[in-house]
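> Here's a structure for you.
The values are calculated or read from the model by the stated rules, or taken from the named source; none is laboratory data. Since the model is a prediction, treat every value here as computed from it, not as a measurement. Here the Cβ positions follow ideal geometry from the backbone for every residue, glycine too, while neighbour counts run over all protein chains shown. For accessibility, only protein heavy atoms count, side chains too; no ligands or nucleic acids. Shrake-Rupley method; radii C 1.70, N 1.55, O 1.52, S 1.80 Å.
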Amino acid sequence: MKYLHNIGQYFIMLKEAFGRMTKRSVLYERSLKEIDELIIDSLGIVCFLSFFIGGVLTIQTSLNLSNPLIPRSLIGYATKQGIILEFSPTLVSIIMAGKAGSYITSSIGTMRVTEQIDALEIMGINSINYLVFPKIVAMLFYPFLIAISMFMGILGGYVTGSLGGYISTDDFIIGLQTDFEAFQIFYAFIKTFFFGLVLATMPAYFGYYLKGGSLEVGKASTASFVWTSIVLILINYVLTQLLLS
Amino acid sequence: MIKVKNLHKSFGDHHVLKGISAEFSKGKTNLIIGQSGSGKTVFLKCLLGLLKPEEGSITYDKEDFLKMTEEEQQIFRQQLGMVFQGSALFDTMNVGDNVMFPLRMFSSMNPEERYDRMIEVLKRVGLENVEDKAPSELSGGMQKRVAIARAIANNPKYLFCDEPNSGLDPETATMIDNLIQEITHEYDITTVINTHDMNSVLEIGENIIFLKFGEIKWQGTNKEVFRTDNKAISEYIYSSDLFKEVRKAHLNK
Ligand SMILES: Nc1ncnc2c1ncn2[C@@H]1O[C@H](COP(=O)(O)OP(=O)(O)OP(=O)(O)O)[C@@H](O)[C@H]1O
Ligand SMILES: [Mg+2]
């Protein structure tokens with residue numbers, strides 16, 4: 001029952017986010033700020049992680065490929081597939097649920113417990129629109145972040161492969177070009193788009209409807225991370241079934 | 001003027017407001033007093049539409065507030081100012097932006113006019129050169145004053161304060177009380193204040209409503225409060241010895 005109630009409340013929040021709009025100039029300014037905080041501020045960590053995961057994927061694949069009959073270019077192919085299909089869209093999103101998600105929950109949750117949300121409502125502002133809508137706008141740019149992550153992951157594989165002597169750069173590039181299917185890129189970005197929406201709204205839900213004091217802000221951030229990850233993994237599963245099988 | 005009729009509010013089995021009827025007049029500081037848990041905050045939140053009462057009516061001048069849709073209520077609230085117990089300043093903005101926020105949202109002023117108005121209302125509450133500071137850099141009393149400045153910036157017709165001087169030293173508390181009263185008279189606003197501070201009752205109680213267990217047990221002015229023989233309010237006020245003395249002094253005058 002409680003879960004049903006929460007799910008219903010979540011969709012009511014979504015509807016309200018597109019309800020009575022706050023003044024356009026204010027929304028515009030807030031959206032820019034959210035893009036800065038959610039996307040730009042995450043660039044560093046996402047690039048760092050993607051580069052090294054790409055490197056590790058290359059090392060592991062090459063160490064497990066001892067059969068001389070299998071072409072070395074397969075290493076490049078495996079790195080590309082791993083990064084584009086799963087690591088960048090899905091795992092980076094789970095990292096973002098920890099980084100951006102808990103930031104969203106705790107900042108909105110703090111506004112709730114210190115009555116700042118009530119203050120917005122009293123002034124006659126649709127507080128859900130004011131708080132959540134700019135985050136959704138910011139997350140429309142999330143696919144760019146993931147595209148950069150893909151690039152960095154493959155670059156990590158390329159650099160590690162050639163510097164570590166696991167694979168020649170020519171083989172790696174042949175691997176990248178093997179079985180290139182545009183539909184897979186489409187699949188990856190469809191996922192990314194949905195993940196972005198979840199990342200913008202679920203943590204906001206946990207903050208907005210928080211009850212209690214500052215202790216609950218911490219608890220809500222944890223709950224937000226756990227539930228956002230679960231939903232991301234489930235959406236990943238469903239979309240993969242629908243689009244790839 | 002705000003008119004409330006037969007207001008009921010429950011949480012589950014807990015009947016918090018049991019039929020409140022009251023009038024809050026324009027240009028006066030209307031006080032709601034009562035023990036902790038008597039339902040003051042719940043009452044205020046009902047007046048503002050943050051809680052939905054099950055029964056009763058609330059009329060702002062001629063407008064029936066509870067008949068409005070959620071969206072109409074939101075728009076109506078642009079005429080209200082509210083000072084929260086914990087000030088509720090936006091901590092992502094500096095003091096100046098906090099005060100200009102309602103102007104930016106709802107007035108047709110250009111940026112220079114907004115800036116001038118902000119400086120003007122900050123001055124009105126006795127603050128200067130704080131507009132670039134973060135709210136957290138100010139003391140609790142100063143934050144309260146900024147909250148008052150923000151509440152009055154857009155010339156509200158109604159002003160609400162939830163325990164405006166809790167957590168402040170007596171001198172600052174009196175200063176805040178007087179400030180609210182002066183502003184109420186100056187701009188002819190309908191002001192409703194929640195408090196359990198007896199000093200406020202004496203200083204600015206132009207119309208006092210005493211709540212107990214969700215019912216109004218007494219209503220009158222600060223002049224009358226010492227002369228009444230109403231049992232409920234006497235018990236409340238004279239739970240402190242100090243006020244027994246004050247009453248004696250008052251009656252001997
Ligand atoms: N959201 C809520 N859910 C359930 N019960 C509530 C809720 N809000 C208030 N109450 C109950 O209503 C009663 C009145 O609370 P209220 O906050 O109005 O008291 P108060 O007079 O403002 O007290 P104080 O002076 O301590 O602020 C309390 O018993 C409280 O437990
Ligand atoms: Mg209260």
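> Counting just the residues of the range B:53-72 that are open to solvent by 80 Å² or more (accessible area, probe 1.4 Å) and away from chain A (no Cβ under 13 Å), which one comes out nearest to ligand 1 (Cβ to nearest atom)?
In this case the residue turns out to be B:Glu54.
> Can you confirm whether B:Lys40 is crowded, with 16+ Cβ neighbours inside 10 Å, within 13 Å of another protein chain (Cβ to nearest Cβ), of a type in the set (Lys, Arg) and under 27 Å from B:Glu203 (Cβ atoms)? Can you show your working first?
On the way: crowded, with 16+ Cβ neighbours inside 10 Å: yes; within 13 Å of another protein chain (Cβ to nearest Cβ): no; of a type in the set (Lys, Arg): yes; under 27 Å from B:Glu203 (Cβ atoms): yes.
So B:Lys40 does not fit the description; no.
> Under the condition of being away from ligand 2 (no atom under 16 Å from the Cβ) and open to solvent by 10 Å² or more (accessible area, probe 1.4 Å), which residue from the range B:180-197 is nearest to B:Ile152 (Cα to Cα)?
Applying the filter and picking the extreme gives B:Tyr187.
> OK, next. Search the range B:86-117 for residues being of a type in the set (Ser, Thr, Tyr) and at pLDDT below 95, and hand back the single one that is farthest from ligand 2 (Cβ to nearest atom).
The qualifying residue farthest from ligand 2 (Cβ to nearest atom) is B:Ser108.
> Restricting attention to the range B:198-209, which residues are under 17 Å from B:Leu159 (Cα atoms) and open to solvent by less than 30 Å² (accessible area, probe 1.4 Å)?
Hits for the range B:198-209 are B:Ser200, B:Ile204, B:Gly205, B:Asn207, B:Ile208, B:Ile209.
> Which ones in the range A:100-126 are under 23 Å from A:Gly19 (Cβ atoms), part of a helix (DSSP H, G or I), in contact (Cβ under 8 Å) with a residue 60 or more places away in the chain and within 12 Å of chain B (Cβ to nearest Cβ)?
Within the range A:100-126, the subset under 23 Å from A:Gly19 (Cβ atoms) is A:104-105, A:107-109, A:111-112, A:115-126.
The next check asks that each one be part of a helix (DSSP H, G or I); those that pass are A:104-105, A:107-109, A:111-112, A:116-122.
Right, trim to in contact (Cβ under 8 Å) with a residue 60 or more places away in the chain and you get A:104-105, A:107-109, A:111-112, A:117.
Those that are under 23 Å from A:Gly19 (Cβ atoms), part of a helix (DSSP H, G or I), in contact (Cβ under 8 Å) with a residue 60 or more places away in the chain and within 12 Å of chain B (Cβ to nearest Cβ): A:Ser107, A:Ile108, A:Met111, A:Arg112, A:Ile117.
> Working only within the range B:93-114, note down all residues that are facing another protein chain (nearest Cβ under 8 Å) and open to solvent by 30 Å² or more (accessible area, probe 1.4 Å).
Correct list: B:Arg104, B:Phe106.
> Kindly indicate whether any position in the range B:67-85 is away from ligand 2 (no atom under 16 Å from the Cβ), part of a loop (DSSP other than H, G, I, E, B) and of a type in the set (Phe, Trp, Tyr). So that I can check it myself, show each step before the final result.
Within the range B:67-85, the first condition is being away from ligand 2 (no atom under 16 Å from the Cβ), and the residues that meet it are B:67-81.
Remaining after also requiring part of a loop (DSSP other than H, G, I, E, B): B:68-69.
Applying the additional criterion that residues be of a type in the set (Phe, Trp, Tyr) yields none.
No, the range B:67-85 contains no residue that is away from ligand 2 (no atom under 16 Å from the Cβ), part of a loop (DSSP other than H, G, I, E, B) and of a type in the set (Phe, Trp, Tyr).
> In the range B:29-45, how many are part of a helix (DSSP H, G or I) and either in contact (Cβ under 8 Å) with a residue 24 or more places away in the chain or more than 10 Å from ligand 2 (Cβ to nearest atom) (or both)? Outline the logic, then answer.
Let us first name the residues in the range B:29-45 that are part of a helix (DSSP H, G or I), namely B:40-45.
Adding the requirement that they be either in contact (Cβ under 8 Å) with a residue 24 or more places away in the chain or more than 10 Å from ligand 2 (Cβ to nearest atom) (or both) leaves B:40-44.
Going through the range B:29-45 one residue at a time, the tally reaches 5.
> Go over the candidates B:Leu17, B:Leu50, B:Leu66 one by one and state the one that is without any contact (Cβ under 8 Å) to a residue 24 or more places away in the chain and over 17 Å from the mean Cα position of the chain (by Cα).
Values: B:Leu17 fails: without any contact (Cβ under 8 Å) to a residue 24 or more places away in the chain; B:Leu50 fails: over 17 Å from the mean Cα position of the chain (by Cα).
The match here is B:Leu66.
> From the list B:Lys231, B:Lys248, B:Lys253, which one is among the charged types (D, E, K, R), modelled with pLDDT of 80 or more and loosely packed, with under 14 Cβ neighbours inside 10 Å?
From the options B:Lys231, B:Lys248, B:Lys253, the qualifying one is B:Lys231.
> What number goes with the only condition from (1) within 14 Å of chain B (Cβ to nearest Cβ); (2) touching a residue at least 12 places away in the same chain (Cβ under 8 Å) that A:Ile12 does not pass?
Among (1) within 14 Å of chain B (Cβ to nearest Cβ); (2) touching a residue at least 12 places away in the same chain (Cβ under 8 Å), the lone unmet condition for A:Ile12 is (2).
> Can you say whether A:Tyr28 is at pLDDT 95 or above, aromatic (Phe, Trp, Tyr) and surrounded by 15 or more Cβ atoms within 10 Å (Cβ to Cβ), as far as the supplied structure shows?
Against the criterion (at pLDDT 95 or above, aromatic (Phe, Trp, Tyr) and surrounded by 15 or more Cβ atoms within 10 Å (Cβ to Cβ)), A:Tyr28 does not qualify.
> Here is a follow-up. Among the residues that make up the range B:79-89, is at least one of them surrounded by fewer than 17 Cβ atoms within 10 Å (Cβ to Cβ) and either β-branched (Val, Ile, Thr) or touching a helix residue (DSSP H, G or I) at 6+ places or on another chain (Cβ under 6 Å) (or both)?
No, there is no match, as no residue in the range B:79-89 is surrounded by fewer than 17 Cβ atoms within 10 Å (Cβ to Cβ) and either β-branched (Val, Ile, Thr) or touching a helix residue (DSSP H, G or I) at 6+ places or on another chain (Cβ under 6 Å) (or both).
> Which of (1) within 11 Å of chain A (Cβ to nearest Cβ); (2) within 19 Å of the chain's Cα centre (by Cα); (3) open to solvent by 10 Å² or more (accessible area, probe 1.4 Å) is the odd one out, the single condition B:Asn155 does not satisfy?
Answer for B:Asn155: the failing condition is (1).
> Check off (1) under 15 Å from the mean Cα position of the chain (by Cα); (2) away from ligand 1 (no atom under 16 Å from the Cβ); (3) away from chain A (no Cβ under 13 Å); (4) closer than 21 Å to B:Glu206 by Cα for B:Ala149 and give me the number that stays unchecked.
It is condition (4) that B:Ala149 fails.
> Let me ask something else about it. Could you go through the range B:210-222 and let me know if any residue there is open to solvent by less than 50 Å² (accessible area, probe 1.4 Å) and of a type in the set (Lys, Arg).
yes
> For the range B:50-66, what are the residues that are aromatic (Phe, Trp, Tyr) and assigned to a strand (DSSP E or B)? It would help to see each step written out before you state the result.
Taking the range B:50-66 as the starting set, the residues that turn out to be aromatic (Phe, Trp, Tyr) are B:60, B:65.
Passing the criteria: only B:Tyr60.
> Can you confirm whether A:Ile45 is touching a residue at least 12 places away in the same chain (Cβ under 8 Å), assigned to a helix (DSSP H, G or I), among the β-branched types (Val, Ile, Thr) and open to solvent by 60 Å² or more (accessible area, probe 1.4 Å)?
yes
> On the basis of being more than 15 Å from ligand 1 (Cβ to nearest atom), touching a residue at least 12 places away in the same chain (Cβ under 8 Å) and of a type in the set (A, V, I, L, M, F, W, C), does B:Phe84 make the cut?
Here the answer is no, as B:Phe84 does not meet what is asked.
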